[in-house]
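**Q** Structure provided below as structure tokens; questions to follow.
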Amino acid sequence: MDISMLEEMCELIKKMRRDAEALKAKGKGIMAVEKAVDRILANVNLLEINVCDVKEVL
Amino acid sequence: MPKDQRIYWNPLLETLPREKLRALQTKKFRRILDWAYSNSPFYRNFYKEAGLEPGDIKTFEDIRKVPKMEKGMMREVQQKDPFPYGDMIAVPIEKVTAFRQTSGTTGTPVYQACTWDDWEWWAETWCYILYAQGYRESDRVFLPFGYNIFVAFWAAHYGAERLGCEVIPGGALNTEARILRMKDLKCTAFMATPTYILGMAETAKNKLGLDPARDLDIAMITSAGEPGGCIPATKKRMEEAWGAKVYDHIGLTEVGSWSYECTEQPGGQHVLEAYFLVEIEDLETGEIIEKPGRNGKMIITSFDRLAKPSIRFDTKDVIRWAEYDCPCGRTFRLIDGGIVGRADDITKVKGVLLAPTAIEAVVRSIPELGPEFEVIVSKKGELDDILLRVEIMPGKEGEEQSILSHLKDQLRVRTNLGYRVEVHPYGSLPRYEVKAKRFKDIRKKET
Ligand SMILES: [Zn+2]
């Protein structure tokens with residue numbers, strides 16, 4: 001995979017984290033929102049491990 | 001010629017050039033060290049006492065300066081708050097969503113805390129394993145294990161689901177019912193310990209009149225929990241009994257699912273090096289072994305497990321780097337022949353170092369012998385005595401003398417020791433579902 005494609009993927013993953021955290025802040029106190037975001041963030045974490053970490057060592 | 005990238009779960013990590021992989025490992029080690037130092041009172045005190053701060057670790061070689069931790073420490077911290085894990089955990093207790101524990105075969109169980117992030121991470125590691133073993137979305141996977149307090153195949157279940165397989169939990173069923181469900185549902189894969197894989201095949205034949213290789217649709221079996229999957233003779237028996245490929249996996253409750261065999265079956269197991277750091281330490285000098293072929297004990301770090309970090313965990317498992325590469329194209333290193341012993345299991349008998357896995361390799365290589373055996377080391381006066389109990393396969397009783405003579409010869413060649421051999425009726429030695437206890441050293445109790 002070329003590096004620019006990897007960079008684009010990482011930008012999208014970063015945006016996902018920002019959006020999910022913003023949603024959690026906005027929905028603070030609504031358990032249904034907070035817990036759904038926690039599950040989303042657990043998978044964003046895996047995208048960071050599987051994709052973004054690679055970009056940083058290339 | 002480059003491989004088709006679709007054979008990998010994540011080609012970005014699995015084909016990363018070695019030098020980049022090492023840079024990734026250094027970066028990830030520093031990250032987990034920093035996390036543990038900042039969030040786990042146990043680790044902070046442990047490192048402070050050793051005069052170490054996370055900033056001291058700058059290079060890959062610096063990692064060796066970090067003190068190792070042992071299972072005994074995990075037990076000790078459980079006396080402290082927060083209950084029941086102690087101060088090794090690095091997240092607020094309310095963030096823990098799953099409890100598991102070790103089996104406690106070597107002492108008090110060690111409790112394991114996972115957050116949802118950890119659990120997703122654990123399932124993800126299983127995706128690397130199962131995908132490399134050929135599991136795909138079209139597979140129907142049966143899990144014939146007691147879903148309980150031990151981690152065992154729980155993460156495998158979630159991993160297979162995450163990969164997209166159809167997963168059938170075969171928990172509270174007896175062996176016959178499990179086999180029949182696997183048959184009726186045309187399952188294509190299952191996962192179990194080597195002992196149970198062989199035991200199920202025996203039950204299918206003897207109690208149900210089924211030949212698993214002919215009457216079931218199993219194409220892949222993942223073997224875990226015992227060394228049998230790394231022992232060629234045991235693997236051959238399992239593959240023949242089921243008419244399926246058997247792939248080994250090695251994991252540790254305290255650490256995670258760190259090693260696996262791929263479909264190329266090169267004789268060794270890949271280390272999931274993007275998720276774990278495996279170091280091999282010379283048993284006598286303590287130096288880290290980089291060269292292939294030399295046995296040492298495994299020190300392992302889990303890079304991404306956050307609730308209860310495992311950093312430079314001294315497993316006491318004996319492994320060695322393989323002298324060969326794998327044609328699958330993964331750059332993750334191979335260990336040769338899986339776990340070849342336990343640093344505290346390898347005992348001196350009659351002045352010779354003996355690994356119980358060597359006896360298993362011999363017994364399982366003789367097709368006229370049953371799959372079960374028992375070894376009892378005792379003292380007769382001042383001398384060590386090794387009693388080996390075996391079973392002879394039905395129909396082969398008339399060949400007992402020649403079978404036993406071949407067995408004794410092979411044992412002498414492989415282990416340099418002489419044995420008293422007792423033949424027991426077929427099916428009379430204990431059958432185990434998990435954690436088989438075939439090796440008993442009763443010398444200490446007698447003195
Ligand atoms: Zn391979």
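**Q** Would you point out the residue of the stretch B:1-18, among those that are in a helix (DSSP H, G or I) and either of a type outside the set (D, E, K, R) or at the interface with chain A (Cβ under 9 Å from one of its Cβ atoms) (or both), that is nearest to B:Lys58 (Cα to Cα)? Don't jump to the end; show me each part of the working.
**A** At the first step, the residues of the stretch B:1-18 found to be in a helix (DSSP H, G or I) are B:5-7, B:11-14, B:18.
Next, only the ones that are either of a type outside the set (D, E, K, R) or at the interface with chain A (Cβ under 9 Å from one of its Cβ atoms) (or both) stay: B:5, B:7, B:11-13.
On the way: B:Gln5: 33, B:Ile7: 35, B:Pro11: 27, B:Leu12: 24, B:Leu13: 22 Å.
Top of the filtered list is B:Leu13.
**Q** Out of the stretch B:152-179, which residues are open to solvent by less than 10 Å² (accessible area, probe 1.4 Å) and of a type in the set (Val, Ile, Thr)?
**A** Answer for the stretch B:152-179, where residues must be open to solvent by less than 10 Å² (accessible area, probe 1.4 Å) and of a type in the set (Val, Ile, Thr): just B:Ile179.
**Q** A:Met16 passes all but one of (1) more than 14 Å from chain B (Cβ to nearest Cβ); (2) loosely packed, with under 15 Cβ neighbours inside 10 Å; which number fails?
**A** (2)
**Q** Among the candidates B:Tyr247, B:Tyr324, single out the residue that is within 15 Å of the ligand (Cβ to nearest atom), more than 19 Å from B:Arg342 (Cβ to Cβ), away from chain A (no Cβ under 14 Å) and over 13 Å from the mean Cα position of the chain (by Cα).
**A** Working: B:Tyr247 fails: over 13 Å from the mean Cα position of the chain (by Cα).
On inspection, the qualifying residue turns out to be B:Tyr324.
**Q** Please verify whether the stretch B:412-425 includes one or more residues that are at pLDDT below 90, open to solvent by less than 70 Å² (accessible area, probe 1.4 Å), in a helix (DSSP H, G or I) and at negative phi.
**A** yes
**Q** Restricting to the stretch B:250-280, and then to whatever is crowded, with 19+ Cβ neighbours inside 10 Å and among the charged types (D, E, K, R), can you tell me which residue is farthest from the ligand (Cβ to nearest atom)?
**A** B:Glu254
**Q** Please verify whether B:Val377 is within 21 Å of B:Asp248 (Cα to Cα) and either outside any strand (DSSP E or B) or more than 16 Å from the ligand (Cβ to nearest atom) (or both), treating the condition exactly as stated. I'd like the intermediate steps shown before the answer.
**A** Values: within 21 Å of B:Asp248 (Cα to Cα): no; either outside any strand (DSSP E or B) or more than 16 Å from the ligand (Cβ to nearest atom) (or both): yes.
Answer is no for this residue.
**Q** Restricting attention to the stretch B:105-130, which residues are within 18 Å of the chain's Cα centre (by Cα) and open to solvent by 20 Å² or more (accessible area, probe 1.4 Å)? Show your work before the answer.
**A** Restricting attention to the stretch B:105-130, the residues satisfying the condition of being within 18 Å of the chain's Cα centre (by Cα) are B:105-106, B:109-110, B:112, B:122-130.
Those that are within 18 Å of the chain's Cα centre (by Cα) and open to solvent by 20 Å² or more (accessible area, probe 1.4 Å): B:Thr105, B:Thr106, B:Pro109.
**Q** Moving to a separate point now. Could you list, in sequence order, all residues of the stretch B:252-276 that are within 14 Å of chain A (Cβ to nearest Cβ) and either under 10 Å from the mean Cα position of the chain (by Cα) or more than 22 Å from B:Pro327 (Cβ to Cβ) (or both)?
**A** Kept after step one, since they are within 14 Å of chain A (Cβ to nearest Cβ), are these residues of the stretch B:252-276: B:256, B:272-276.
Once the filter is applied, which keeps residues that are within 14 Å of chain A (Cβ to nearest Cβ) and either under 10 Å from the mean Cα position of the chain (by Cα) or more than 22 Å from B:Pro327 (Cβ to Cβ) (or both), the stretch B:252-276 yields B:Gly256, B:Tyr275, B:Phe276.
Conditions (1) within 14 Å of chain A (Cβ to nearest Cβ); (2) in contact (Cβ under 8 Å) with a residue 40 or more places away in the chain; (3) in contact with a strand residue (DSSP E or B) (Cβ under 6 Å, 6 or more places away or on another chain), marked per residue:
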{"position": "B:Ile93", "(1), (2), (3)": "no, no, no"}
{"position": "B:Arg100", "(1), (2), (3)": "no, yes, yes"}
{"position": "B:Tyr111", "(1), (2), (3)": "no, no, yes"}
{"position": "B:Asp117", "(1), (2), (3)": "yes, yes, no"}
{"position": "B:Ala123", "(1), (2), (3)": "yes, no, no"}
{"position": "B:Tyr128", "(1), (2), (3)": "yes, yes, no"}
{"position": "B:Val141", "(1), (2), (3)": "no, yes, yes"}
{"position": "B:Ala152", "(1), (2), (3)": "no, yes, no"}
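**Q** Tell me which residues, restricted to the stretch A:1-13, are assigned to a helix (DSSP H, G or I) and either within 12 Å of chain B (Cβ to nearest Cβ) or among the acidic types (Asp, Glu) (or both).
**A** So in the stretch A:1-13, the residues assigned to a helix (DSSP H, G or I) come out as A:3-13.
If the condition is that a residue be assigned to a helix (DSSP H, G or I) and either within 12 Å of chain B (Cβ to nearest Cβ) or among the acidic types (Asp, Glu) (or both), then A:Ile3, A:Met5, A:Leu6, A:Glu7, A:Glu8, A:Met9, A:Cys10, A:Glu11 are the ones that fit.
**Q** Here's another thing I want to ask about it. Considering only the stretch B:307-321, state which residues are away from the ligand (no atom under 16 Å from the Cβ) and either farther than 30 Å from B:Ser40 by Cα or within 14 Å of chain A (Cβ to nearest Cβ) (or both). Outline the logic, then answer.
**A** Just the residues of the stretch B:307-321 that are away from the ligand (no atom under 16 Å from the Cβ), to begin with: B:307-320.
Passing the criteria: B:Ala307, B:Arg320.
**Q** Let me ask another. How many of the residues in the stretch B:335-374 are part of a strand (DSSP E or B), in contact (Cβ under 8 Å) with a residue 12 or more places away in the chain and away from the ligand (no atom under 16 Å from the Cβ)? If you could, list the steps in order and put the result at the bottom.
**A** Initial filter on the stretch B:335-374 (part of a strand (DSSP E or B)): B:335-336, B:341-342, B:347-349, B:352-354, B:369-374.
When the remaining residues are screened for being in contact (Cβ under 8 Å) with a residue 12 or more places away in the chain, the result is B:335-336, B:341-342, B:347, B:349, B:352, B:354, B:369-374.
Checking the rest, the ones that are also away from the ligand (no atom under 16 Å from the Cβ) come to B:341-342, B:347, B:349, B:352, B:354, B:369-374.
Within the stretch B:335-374, residues that are part of a strand (DSSP E or B), in contact (Cβ under 8 Å) with a residue 12 or more places away in the chain and away from the ligand (no atom under 16 Å from the Cβ) number 12.
**Q** Considering B:Lys80, B:Lys58, B:Lys95, B:Lys65, which residue is at negative phi, touching an Asp or Glu at 6+ places or on another chain (Cβ under 6 Å) and at pLDDT 90 or above?
**A** Details: B:Lys58 fails: touching an Asp or Glu at 6+ places or on another chain (Cβ under 6 Å); B:Lys95 fails: touching an Asp or Glu at 6+ places or on another chain (Cβ under 6 Å); B:Lys65 fails: touching an Asp or Glu at 6+ places or on another chain (Cβ under 6 Å).
Of the residues listed, the single one that is at negative phi, touching an Asp or Glu at 6+ places or on another chain (Cβ under 6 Å) and at pLDDT 90 or above is B:Lys80.
**Q** Within the stretch B:45-62, can one find any residue that is within 14 Å of chain A (Cβ to nearest Cβ) and either open to solvent by less than 30 Å² (accessible area, probe 1.4 Å) or part of a helix (DSSP H, G or I) (or both)?
**A** yes
**Q** Cβ-Cβ distance below 9 Å, separation of 6 or more or different chains: which pairs start in the stretch B:21-43 with a residue that is within 14 Å of chain A (Cβ to nearest Cβ) and end on one that is surrounded by fewer than 20 Cβ atoms within 10 Å (Cβ to Cβ) and among the polar types (S, T, N, Q)?
**A** From the stretch B:21-43, the pairs are B:Leu21/B:Thr331; B:Thr26/B:Thr59.
**Q** Checking the conditions here, which among B:Thr331, B:Thr357 is of a type outside the set (Asp, Glu), open to solvent by 10 Å² or more (accessible area, probe 1.4 Å), within 14 Å of chain A (Cβ to nearest Cβ) and touching a Pro at 6+ places or on another chain (Cβ under 8 Å)?
**A** Values: B:Thr357 fails: within 14 Å of chain A (Cβ to nearest Cβ).
Residue meeting the stated conditions: B:Thr331.
**Q** Scan B:Gly293, B:Gly225 and give me the residue that is open to solvent by 10 Å² or more (accessible area, probe 1.4 Å), more than 16 Å from the ligand (Cβ to nearest atom) and farther than 30 Å from B:Thr115 by Cα. Full working, then the answer.
**A** On the way: B:Gly225 fails: farther than 30 Å from B:Thr115 by Cα.
Only one candidate qualifies: B:Gly293.
**Q** Next question, about the same structure. What tally of residues in the stretch B:130-153 results from selecting those that are at pLDDT 95 or above and closer than 21 Å to B:Ser103 by Cβ? Write out each step before concluding.
**A** Here is the first cut: in the stretch B:130-153, the residues at pLDDT 95 or above are B:130-144.
Checking which are closer than 21 Å to B:Ser103 by Cβ leaves us with B:143-144.
The number of residues fulfilling the criteria is 2.
**Q** Which ones in the stretch A:19-54 are facing chain B (nearest Cβ under 10 Å), over 13 Å from the mean Cα position of the chain (by Cα) and either surrounded by fewer than 18 Cβ atoms within 10 Å (Cβ to Cβ) or not in a helix (DSSP H, G or I) (or both)?
**A** A:Lys35, the sole residue that qualifies.
The values are calculated or read from the model by the stated rules, or taken from the named source; none is laboratory data. Every value quoted in this text rests on a predicted model; they were computed, and no experiment measured them. FYI the Cβ positions are ideal-geometry reconstructions off the backbone, even for glycines, and counts take in every protein chain you see. Ligands, DNA and RNA are excluded from the accessible area calculation, which covers all protein heavy atoms including side chains. Shrake-Rupley method; radii C 1.70, N 1.55, O 1.52, S 1.80 Å.
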